[in-house]
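Since the structure comes first, as C-alpha cells, the remarks are kept for the end.
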Amino acid sequence: TIGARSDLENVPIDRLQAFYRKYYQPGNAVLTVAGKIDEKETLKMVNDYFGKIPRPERKLIPTYTKEPTQDGEKLVTLKRVGDVQSVAVTYHTPPGPHSDYPAVAVIEELMTNEPGGRLYKALVETNKASSQWGFAPGLAEGGFIYFNADVRKDNDIEAARETMLATLDDLKANPPTQEEVDRAKARILKNWELAYNSSDRVGLTMSEAIAAGDWRLFFLFRDRIDKVSVEDVVRVSNKYFVPSNRTVGMFLPVDEPVRAEIPDPPNVKKLVAGYKGKEEIAVGEEFDPSPANIDKRTQTGSFESGVEYAFLSKENRGDAVVANLIFRYGTPKSLYGKSQAARFAGTMLNKGTANYDRQAIQDKLSELKANVRVSGGRSSASARIETTNENLAAVIDLVAEMFKSPTFPEEEFEKSREESLARLEEQLSDPQALAGEKFNKLLNPYPKSDIRYPSSLKEDIEDIESLKIEDVKDFYNTFYGASDATFSVVGDFDEELIRNKLDAHFGDWKSGSKYIRITDPYIEINPEEAEINTPDKSNSMFFAGMPVKVNDSHEDYAAMMIGNYMLGGGFLNSRLATRIRQQDGLSYGVGSFFNGSSMDDGGMLGAYAISAPENTAKVQAAFKEEIHKVISEGFTEEELEAAKSGWLQAQTVSRSQDRSLMGSLNNNLRLDRTMAWSQKLEEKIAQLTAEDVNKAMKRHIHPDKMVYVRAGDFEKLKKEIKP
C-alpha cells in the first residue's frame, strides 16, 4: 500500500525531498520501451533525454530486513461501518524468482477460478459467500498469497470462515488433480500470451519482472508454469499452506508450532545467465495510425438482418486481433421497467449454452487463447473479443452460441444475483457511490415514469431481489436479435473467412422487436447543493457540473474539448490539478470532464475531487475560484499550445491501440461516420486560438447554474471542531 494516511499527512517536506533525491536517480531506474520501434533512433532519443542526467554519488544500502518466520496462526478483527462482510486468509510465500513460486500461482488459480475453483464451489455455489477472489504477487523478496470472500450482512460469516479454512486445509488431504492443475496452467499461460501479444501491455507486465530482479524473469515464469506438475503443487501446498503460516485474525498459540521457513531470493543473475527464450512470435507491421490511412484500409458492409461491420486487417504482434459486437434492442416504451432483466440477460450469456456449461465455456476459451467479455444493458448487449488470427473464427462460433443458444441456468442466475446484491449493498455507505448517485439525479431530473429516471442503489437492490429467472428469459426472447447490430474487427485476421462466419451466424437473425434509441436531450436543471453524511469514512467525494447545450456538431465543441483539457481533463498539467492537488495539497485526485452528444443536442461539463472530509469545503471553494478565473481571465496562448500538443498526441496514441481503434470503428458504424470526422476535429483544435477557447468557455460555463455534491463523514468533523 502507499502507507498510513497519518504518515502521508505528517511527513516533513525535507524528508520527502531527501527520499526523492536518494531514490529517484538513474542508477535506481529502468526504462522499458515496448512496441514496433527503430532501436537505433530510440536509443539515441533515450541518450539525448536521459544521458545528460549526472550519475549519483550516493550509494544505496541493500535491503537487510526480513519478515520473521511466523510462530502461529493469527486472527485480526476489524469493525467499521459498512454493508458487506468479508473474510480473508493470507499465507507467506517465497519470492517471485524462487522455484516454488510458479506452483503458488497455480494454487491461487485452481482455488479461485470461476466456476471451477475449489473456493468458488465451496463458498459461492453453497451461498455461504456472494463472491470470492485471490491473488499471489511475485515479489523480489518473500511475498504472500491472499484469498478473500464477501458475505452479505444477513448471512453467517462464521460459516463462511470455517468453510474457507476447511477448503484450504483440505489441499493436503485431497491434493489437486491433474485436470485441476492443467486447467489452471492453461488459463495462466493464456493470459501470459495475450499480454505478450499486446505491445502496450507487455512493457507494463515486464516491469514487474524487472522490479523482482531481472526482465528475463517474465519469460522464466512462463517456462516454469509450463513445467509445474501435480507433485510440485502438492509439495508447495504442504510446505507453505499450514495453519501456523497464515493470518485470518486472532493469534492462537499451539504446543507444537509448525513453522514454514521462507527462503531467501535466489541469485537472479546466475538463474537467468545464458537464458534462451522460446521461438520468436510475429512482430507485426509499422502501422500508420492517421485517420486517412485507417479509412483507406477499413472495409465496411452489412448483412440482410441489419448487422453492419467494419474490418481493419493488419499484421500484428503475435497475430493478435480484437473485435467488438454490439446488439441494440427495444424502444423507450417497451424497455420501461426492465433494466435489471436486460442487465442480467447479458450477464447470463456466458453461463451456459445448448452445448456448453459455464466451465466448458471457460475451458474452450483457454483452448482458443481468447478472452471474451459479454455484458448487457438497458438497450444493448455486447461481446468484446481478444484472441489470435488462427482462433478468431472459432471464437466467433462460440460467441454466436452464447448469444443465440443461452440456457440461463437457474443456479447461475442465483449466484449472479447474490454477487450483484453484495456489490450494491457495499456501496450504500460509500462516499463516491452516494455522491455519484445524487449527482446523477440532479443532472437528470426525470420522473420515475420516464425510462431515463436514474434509479437509486436501494431501488436497484429492490428490483434485483424481486427479479426472477423467467423475467430474464422473457426479456431475451422478446428483444434479442441482430436487426440493429454493429461489429468491428482490428488486427490480424482473414476478412473473407470472418465475413462468412458473421453472415452464417447473424446474417438472418432478426430481432423480436424494433429498436428506437432512448434520447438524451439538453434540459435545464435547477442549481443545487447537496451534502451526504457517510459515517466512519476517511475519504470524501466532491462533484460539480451542469448540462451544456453543446453536442459534437456544435461550432464550440472543439473549443470546449480543449478548454476542458486545460481545466482538468489533462490531469497533472491542468488548472485544477495544479491548484488543488499540487499547490494547495487538498486532494488525492482531481479533474474535470466534458462530453458532447453525437446524436442529441447537448452535453455536460463536470468536475470531481477525492479528499479528506476536513478539506472538502476548501476543495469546492478552490474549484469555484478556478472556474471564475477561466471565465474572467481565460487561458493563455502558451497554455493552449501545450494543451493542443498533448491532446493531439493522445489521439494518435489512441488510434495506435487496437482496442481503442476497434471502439472508434464500431461507433462510426452507428453514427454513419468515418475517421475523416476525427481528422476534421483535430484540424479544428489545431487552429484554435486562446480567444476562441475563452469565448466558448465563457459562453457555456456558469458556476451559479451548477450542482454541487459532497459526501463524507462531515458530522464527525462538526463534532471535532465544536467549541
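Our summary gives the range 65-191 a relative contact order of 29 percent, counting only alpha carbon pairs under 8 angstrom and 6 or more residues apart. Express in % the proportion of alpha carbon pairs of the range 531-721 at distances exceeding 20 Å. In whole percent, the long-distance tail amounts to 59.
Diffusion coefficient (Stokes-Einstein, Kirkwood radius over C-alpha pairs, 20 °C, 1.002 mPa s) for the range 234-388: 97 µm²/s, rounded to a whole number.
The Cβ shell under 10 Å around Lys239 holds other residues with a net charge of -1, Lys and Arg each +1, Asp and Glu each -1.
A simple charge model with +1 on the Cβ of Lys and Arg, -1 on the Cβ of Asp and Glu and nothing else charged puts the dipole of the range 40-147 at about 460 debye relative to its Cα centre. Only helices enter the 222 nm calculation for the chain: every DSSP H run of n ≥ 4 contributes -39,500 (n - 2.57), and dividing by all residues gives -13500 deg cm²/dmol, rounded to 500. When each of the peptides 606-617, 224-235, 126-137 is scored by the mean number of other C-beta atoms lying within 10 Å of its residues, the order from highest to lowest reads 606-617, 126-137, 224-235. Here the range 378-511 yields Rg over Rh of 1.05, to two decimals, using C-alpha coordinates and the Kirkwood radius. Across the range 531-721, the mean sequence separation of Cα contacts (distance under 8 Å, 6 or more residues apart), normalised by length, yields a relative contact order of 37 percent.
Candidates Ala345, Ser366, Ile326 compared by Cα position along the dipole of the range 286-408: farthest toward the positive end lies Ala345, with charges placed on Cβ. Taking the range 291-506, how much of its Cα-Cα pair set, in percent, is spaced more than 25 angstrom apart? The calculated P(r) of the range 291-506 puts 47 percent of pairs beyond 25 Å. With the highest mean first, a sort of the peptides 505-515, 279-289, 659-669 on other beta-carbon atoms found within 10 angstrom per residue produces 659-669, 505-515, 279-289.
Neighbour counting of Cβ atoms within 10 Å sorts the residues Phe147, Phe408, fewest neighbours leading, into Phe408, Phe147. With neighbour counts taken as other beta-carbon atoms within 10 Å, the residues Ile532, Ile37, Ile385, Ile498 rank, fewest first, as Ile37, Ile532, Ile498, Ile385. The Cα-based radius of gyration of the range 522-562, divided by its Kirkwood radius, gives an Rg/Rh of 1.17.
With K and R counted +1 and D and E -1, the other residues having a Cβ less than 13 Å from that of Val230 yield a net charge of -1.
Can you compute the charge dipole magnitude of the chain about its Cα centre, using +1 on each Lys and Arg Cβ and -1 on each Asp and Glu Cβ, nothing else charged? Give it in debye, rounded to the nearest 20.
The dipole magnitude comes to about 1220 debye.
Using only alpha-carbon positions in the range 74-267, the gyration tensor eigenvalues give semi-axes of 28, 20, 17 Å once each is multiplied by 5 and square-rooted (largest first). Taking other Cβ atoms within 10 Å as a rough exposure proxy, Leu60, Leu78 sort from fewest to most as Leu78, Leu60. Considered as an equivalent ellipsoid built on the Cα gyration tensor, the chain has semi-axes of 40, 35, 32 Å, the largest given first. Between Ala273 and Ser538, the contour length at 0.36 nm per residue exceeds the alpha carbon distance by 90.6 nm.
Throughout, read-outs are computed from the coordinates displayed, never taken from laboratory work. Keep in mind that what you see is a predicted model, and the values were worked out from it rather than measured. Every residue, glycine among them, receives a Cβ derived from its backbone with ideal geometry; neighbour counts consider all protein chains shown.
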